[in-house]
Each structure stands twice: as structure tokens, then as C-alpha cells.
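See below for the structure under consideration.
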Amino acid sequence: MIRVFKREEEPKTLNTTKAYDGEDVQEALGEDQHDKCYLCERLCTTDYVIDHFKCQKKHPELIREWLNLLFSCSYCNGRKSSTFDNLVNPITCNVEEEICQKIDFRKNRAVFSSTEDEAHAKTVELLGRIYNGEDGKPRTEREKIFFDEVVSAINQFQRTVNQYLAQPTPDNEQAVRDGLRIEQEFLGFKYWIIRSSKVLEDVFRNDIRWNKR
Ligand SMILES: [Zn+2]
């Protein structure tokens, strides 16, 4: 999970109709988020929903509020439901710095941590459920497929990074940079791989700070 940039000018239909899911809204969200779910960072060009960051049930006044709308996959949207109504806001916070995001390959789990407030703790809890399934239960088929995708992408990136560390040629450096482009999936985890080494952090500092204001 990383910070999300949203355009300032809101889509017209939010003001001219009663709908929050007009075509222009869907398009703007997809473009701003590079077609990625804000929670799991997977590309979702078909299987997506418009998520109300603060849920519709408890915050009816925010149903058509542009800053309350985010692009998410249906899987994460279902996991979030109205239970997680107090998460770290990715529009205003540098989530990727405030929540540590790692894959523990040995235990086959994603590990999240943060020492900040209640919203951070809730976000850590939700991300854990998204990647690892319900506490104490084995992953469902869907969760397994999803987690395998993450592991394979992160493995691939780790190999690219190792190659660069072994041979820091311009080509290998560029390959790491390509893996960190904003269109790429699972950047939260990749950023923490870069942060885990002083050498990497020095070279790729700007590549893990793409949208700071
Ligand atoms: Zn998702």
C-alpha cells in the first residue's frame, strides 16, 4: 500500500448527477491510481469497484465526495467492508513509509508493522487479512492464487536487485528502476526492499519518493 495521488479537479458527474460511479469518475480513478487497487496494489482493469474510504453506511454525506472515493479490487473491498472504517488515509499520508511491508518467504506470509496510532494498527490488521487470509485459517483458493502472484513478483524484483548488487552496471541499475515505476504492482513491498540496504537506498532514493508533495 502506498500513497495515492488524486487530481484536484473532480469529475463532473459527482456534481451534476446523483451517481458516484459515473464513467468519468471510473476513468479518473483508474488513471490517477494507474489501474491499481489502493489496498493490495494489484492491477485490476476489469475486477474493480469504487470504494468509499469512509463507508457509505456511517458517512452518507461522503457518498459523492471525490476525496472519499478510491479504486479497489472487489476482493479487497469485500475484506474491508464497513468493519475497517478508520484506516490510514493514502491520499494524505505516506503509507509506504509509515507502515513497514515485507514478505517472510520462509513463513509464506506478508508482514506489516507500524508503531503509530490506531488507524495504522487497523490498516496493518486489514493488510494482514488481505495477504494472509483470516487469522489462524489456511488461505482459501482465491487467497492462495493472489498471494502466489505477490510472491512471484517480489521474488522477481529481489533477483533484479541482487543482480544489481553483484554487478552495478547502468543496465542493471535501470532494471531496478523499471521495477519501481509507478505503474508496477506491489510497490509497498519493493520500497521496503530498497530501504533494507543503505547502498540501495542511496542509489534509488528518488525512485521510492515518486509522489511526495
Ligand atoms: Zn485489492
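The values are calculated or read from the model by the stated rules, or taken from the named source; none is laboratory data. Quantities reported herein were computed from a predicted structural model and do not represent experimental measurements. Note that each Cβ is placed from the backbone with ideal geometry, even for glycine, and that neighbours are counted across all protein chains shown. The accessibility values were calculated without ligands, DNA or RNA, using every heavy atom of the protein model including side chains. Shrake-Rupley method; radii C 1.70, N 1.55, O 1.52, S 1.80 Å.
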For the stretch 1-11, state whether one or more residues are at pLDDT below 95, open to solvent by 70 Å² or more (accessible area, probe 1.4 Å) and under 26 Å from PHE112 (Cα atoms). yes
Output the number of residues of the stretch 54-80 satisfying the condition of being open to solvent by 10 Å² or more (accessible area, probe 1.4 Å), within 16 Å of the ligand (Cβ to nearest atom) and touching a residue at least 12 places away in the same chain (Cβ under 8 Å). 4
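Would you please name the residue that is most open to solvent (accessible area, probe 1.4 Å), looking only at residues in the stretch 12-53 that are in a loop (DSSP other than H, G, I, E, B) and basic (Lys, Arg)?
Going through the stretch 12-53, the residues in a loop (DSSP other than H, G, I, E, B) turn out to be 12, 17-22, 33-35, 37-42, 44-47, 53.
Remaining after also requiring basic (Lys, Arg): 12, 18, 42.
Details: LYS12: 145, LYS18: 178, ARG42: 40 Å².
The qualifying residue most open to solvent (accessible area, probe 1.4 Å) is LYS18.
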So the check is Cβ under 8 Å with 6+ separation or different chains; which pairs have a first residue in the stretch 5-16 that's within 17 Å of GLU61 (Cα to Cα) and a second one that's open to solvent by 100 Å² or more (accessible area, probe 1.4 Å)? THR13/GLU23
Among the residues of the stretch 95-111, are any without any contact (Cβ under 8 Å) to a residue 60 or more places away in the chain, in contact with a Phe, Trp or Tyr (Cβ under 9 Å, 6 or more places away or on another chain), open to solvent by less than 30 Å² (accessible area, probe 1.4 Å) and under 18 Å from VAL124 (Cβ atoms)? no
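Quick check, is PHE53 within 30 Å of GLU201 (Cα to Cα), of a type in the set (Phe, Trp, Tyr) and touching a helix residue (DSSP H, G or I) at 6+ places or on another chain (Cβ under 9 Å)? Reasoning before the result, please.
On the way: within 30 Å of GLU201 (Cα to Cα): no; of a type in the set (Phe, Trp, Tyr): yes; touching a helix residue (DSSP H, G or I) at 6+ places or on another chain (Cβ under 9 Å): yes.
Answer is no for this residue.
So that you can scan it fast, the table gives a plain yes or no per residue for (1) under 15 Å from ASP104 (Cβ atoms); (2) open to solvent by less than 60 Å² (accessible area, probe 1.4 Å); (3) assigned to a helix (DSSP H, G or I):
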residue: LEU126; (1), (2), (3): no, yes, yes
residue: TYR131; (1), (2), (3): yes, yes, yes
residue: PRO138; (1), (2), (3): no, no, no
residue: ILE145; (1), (2), (3): no, no, yes
residue: VAL151; (1), (2), (3): yes, yes, yes
residue: GLN156; (1), (2), (3): no, no, yes
residue: VAL161; (1), (2), (3): no, yes, yes
residue: GLU173; (1), (2), (3): no, yes, yes
Which condition breaks for LYS18 when tested against (1) modelled with pLDDT of 95 or more; (2) away from the ligand (no atom under 16 Å from the Cβ); (3) of a type in the set (Lys, Arg)? (1)
Of all residues in the stretch 185-201 being assigned to a helix (DSSP H, G or I) and more than 12 Å from the chain's Cα centre (by Cα), the one that is surrounded by the fewest Cβ atoms within 10 Å (Cβ to Cβ): LYS198
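I'd like to check something: does the stretch 32-43 contain any residue that is within 13 Å of the ligand (Cβ to nearest atom), basic (Lys, Arg) and within 18 Å of TYR191 (Cα to Cα)?
Of all residues in the stretch 32-43, those within 13 Å of the ligand (Cβ to nearest atom) come to 33, 35-43.
If we keep only those that are basic (Lys, Arg) too, we end up with 36, 42.
Still in the list and also within 18 Å of TYR191 (Cα to Cα): 36, 42.
Within the stretch 32-43, one or more residues are within 13 Å of the ligand (Cβ to nearest atom), basic (Lys, Arg) and within 18 Å of TYR191 (Cα to Cα).
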